[in-house]
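Each remark here refers to the structure printed beneath this line.
The values are calculated or read from the model by the stated rules, or taken from the named source; none is laboratory data. All values derive from a computational prediction rather than experimental measurement. Backbone-built Cβ (ideal geometry, glycine too); neighbour counts: all protein chains shown. When the accessible area is computed, the model is the full protein with side chains, heavy atoms only, and any ligands, DNA or RNA have been set aside. Shrake-Rupley method; radii C 1.70, N 1.55, O 1.52, S 1.80 Å.
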Amino acid sequence: MYGNDFNVPDDAGESGSVSGGSGPAGGGPSRGPSHLLDEVAAAERALREAGAASVAGQDAGPGAEADEDELRRYFDAVIDADQKIEPRDWMPTGYRQSLIRQIAQHAHSEIIGMQPEGNWISRAPSLQRKAILLAKVQDEAGHGLYLYAAAETLGVSRDTLVELLLAGRQKYSSIFNYPTLTWADVGAIGWLVDGAAIVNQVPLCRCSYGPYARAMIRICKEESFHQRQGYEILHTLAHGTPEQKVMAQDAVDRWWYPSLAMFGPPDADSTHSQQSMTWRIKRFSNDELRQRFVDMCVQQASVLGLDLPDPDLRWNEQRQAYDYTQPDYDELMRVIKGDGPCNRQRAAHRRAAHAEGAWVREAAQAYAEKQAARMREVAA
Ligand code: BYC
């Protein structure tokens, strides 16, 4: 349950709202990440129900001869009824393009995100740590595949998306342009980066586009293990030798603000949020999710015995949320534009891996063609 083994098991907030939750004794919201798993389960139930329900009293969508106004009205009714748009349904071009942009960026992030942690597979401090990290990095490859597959249902091929990434024409998450300097960074990535990813991604389980929502349910379940392993690494280090505790604190100091920046620009500067929320692709704004993440981390940091590097972090009774220092959004923009500490290295590594993997793609293609030819022979 998202690394909450060490949490005070008294959190009893509602699971529907973003910033809700009552403050426990000592101040601060008690909403822990286990609520996020409850939300994933609720989203999964809602998805099943959506599949069985009819929209706006209609048993089927508009017929083949429907004009664009009729199709658009039906699309709007599906969105308003919180039902799912499926690949064969009519959708506005902007909706399709926005989904391709976001899902591709998300898929690329999973694949590029393997690099900072992959860097530590051969140096993990024990066989068990190595096996766990290997499994986590493999999961990320799988998440990339689910997401590329979801994007393909929108009529764009995975090859095209990969080419756009390699050409620097599509983005991936800013966070993966920071270096992993010590073993504690693997813990901080799990706790903070995967924690931020989960907070951002759980609402995507309710995204209006069916294939993306379904992929996110599976991804969020797997991410729970990732966040938990990071939290456990940091807990071990924070309760180890003084040097290990210093290493854990240093990693948290370096990853805190980049993790806050992962949620994107502040709402006032977010170009896509409003339209994405109208289409129910996004359910909450960047700032709402960032606040939820901060509120979740404060209590966990205190259980870890580590400090969050923000002297102005304090509980605001009136807002029922923590006040905190915003990340440096100019730095976020520089990193997004390609000028972060590791952008060039990450892109070069991905291009090299793609080129070195050409023979695997060719072999798979040749095998698929051989199989197809055999099937044709059998059928003839
Ligand atoms: N990094 O209008 P906005 C993971 C871009 S996977 C880079 O607010 P939107 C993990 C944004 O694309 C983590 N670019 O955009 C994996 C837009 O540019 P364009 C990835 C960013 O879409 C492995 C412009 O800034 N998660 O965690 O409404 C191991 C304006 O932004 C960033 C996802 O992709 C950023 N941080 O909201 C471990 C989740 N922020 O496209 C962990 C799905 C913003 O106009 N994506 N930009 O050129 C989303 O939820 C949303 O796309 C975002 C941005 C919240 C990221």
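Okay, here's what the table says:
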| item | result |
| --- | --- |
| Residue check, D185 among the acidic types (D, E) and more than 17 Å from A104 (Cα to Cα) | yes |
| Residues being more than 11 Å from the ligand (Cβ to nearest atom), loosely packed, with under 13 Cβ neighbours inside 10 Å and under 23 Å from the mean Cα position of the chain (by Cα) - total across the stretch 330-352 | 4 |
| Search result, residues across the stretch 236-288 that are within 17 Å of the chain's Cα centre (by Cα), more than 11 Å from the ligand (Cβ to nearest atom) and among the hydrophobic types (A, V, I, L, M, F, W, C) | W255, W256 |
| Breaking point among (1) open to solvent by 10 Å² or more (accessible area, probe 1.4 Å); (2) in contact with a Pro (Cβ under 8 Å, 6 or more places away or on another chain), for Q102 | (2) |
| Only listed residue being free of Cβ contacts under 8 Å to residues at least 60 places away in the same chain and either surrounded by fewer than 19 Cβ atoms within 10 Å (Cβ to Cβ) or over 30 Å from K84 (Cβ atoms) (or both), chosen from G240, G230 | G240 |
| Flag for L181 being under 27 Å from Y329 (Cα atoms) and either modelled with pLDDT under 95 or outside any helix (DSSP H, G or I) (or both) | yes |
| Options L154, L147, L133; residue that is open to solvent by less than 50 Å² (accessible area, probe 1.4 Å) and under 22 Å from R351 (Cβ atoms) | L147 |
| Top-ranked residue of the stretch 289-328 - restricted to ones that are open to solvent by 40 Å² or more (accessible area, probe 1.4 Å) and within 16 Å of the ligand (Cβ to nearest atom), ranked as nearest to G168 (Cα to Cα) | D328 |
| Output for the stretch 112-130, where each listed residue is outside any helix (DSSP H, G or I), of a type in the set (G, A, S) and open to solvent by 30 Å² or more (accessible area, probe 1.4 Å) | S126 |
| Neighbours by Cβ (under 6 Å, 6+ apart or cross-chain): first from the stretch 332-350, over 10 Å from S174 (Cα atoms); second away from the ligand (no atom under 12 Å from the Cβ) and open to solvent by 70 Å² or more (accessible area, probe 1.4 Å) | none |
| Tally, over the stretch 169-184, of residues that are touching a Lys or Arg at 6+ places or on another chain (Cβ under 9 Å) and closer than 12 Å to W256 by Cβ | 1 |
| Checking L154 against (1) in contact with a strand residue (DSSP E or B) (Cβ under 9 Å, 6 or more places away or on another chain); (2) in a helix (DSSP H, G or I), the condition it does not meet | (2) |
| Number of the condition not met by E65 [criteria: (1) modelled with pLDDT under 95; (2) open to solvent by less than 40 Å² (accessible area, probe 1.4 Å)] | (2) |
| Every pair of residues 6+ apart whose Cβ atoms lie under 6 Å, when the first sits in the stretch 97-122 and is among the aromatic types (F, W, Y) while the second is more than 10 Å from the ligand (Cβ to nearest atom) and in a helix (DSSP H, G or I) | W120/V186 |
| Residue match in the stretch 260-267 (condition: among the acidic types (D, E) and either under 28 Å from Q115 (Cα atoms) or touching a residue at least 24 places away in the same chain (Cβ under 8 Å) (or both)) | no |
| Cross-chain or 6+ apart pairs with Cβ under 7 Å, the stretch 303-317 first and farther than 15 Å from A188 by Cα, then of a type outside the set (D, E, K, R) and part of a loop (DSSP other than H, G, I, E, B) | D310/Y324; D310/T325; D312/Y324; D312/T325; L313/Y324; W315/G23; W315/G27; W315/G28 |
| Output for the stretch 181-216, where each listed residue is away from the ligand (no atom under 12 Å from the Cβ) and open to solvent by 10 Å² or more (accessible area, probe 1.4 Å) | L181, T182, W183, R206, P211, R214 |
